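Heads up, the thing below is written out as structure tokens.
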Amino acid sequence: ARARPLPGCGHAPFGPGGADLAAIVREDGVLEQPRPKVGDDFALAPLPTRARLDAAREENRLARLATSPVHFSTTPDGRRVAGLGAVPDGRALGRPVLFVGNHQTLGTL
């Protein structure tokens with residue numbers, strides 16, 4: 001790959017009146033370059049050892065603790081409890097239940 005100046009194109013180089021991307025691709029021969037066979041790029045990279053995986057997990061332990069979701073629910077009498085055990089069952093109540101939470105919480109329901 002190489003950098004190609006596009007004089008006079010401004011912040012929208014491929015918009016109306018701008019550069020012809022198809023012509024640039026043809027001129028640079030991008031599509032004629034040999035493509036690697038599927039999987040070749042992975043064959044060059046060695047697999048991590050169990051020790052390296054364990055070390056990476058330990059290196060990220062504090063970040064996981066700080067960013068992992070904590071779930072709470074509220075009992076009918078208004079007490080907040082850890083976990084989702086107090087989430088009401090809308091079918092049993094015979095009415096809809098509104099869930100309020102972030103994407104991590106709602107993604108587990």
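Readers should treat all values here as calculations from the given coordinates under stated rules, not as data from a laboratory. The model shown is predicted, which means the values in this text are computed figures rather than measured ones.
Applying the Karplus relation 6.51 cos²θ - 1.76 cosθ + 1.60 with θ = phi - 60° to segment 64-77 yields 3J(HN,Hα) values of 5, 4, 6, 10, 6, x, 10, 9, 9, 9, 10, 6, x, 8 Hz, where x marks Gly and Pro.
Close amide H contacts of H71 (hydrogens built in the peptide plane, cut-off under 5 Å, sequence separation of 5 or more or a different chain): G83.
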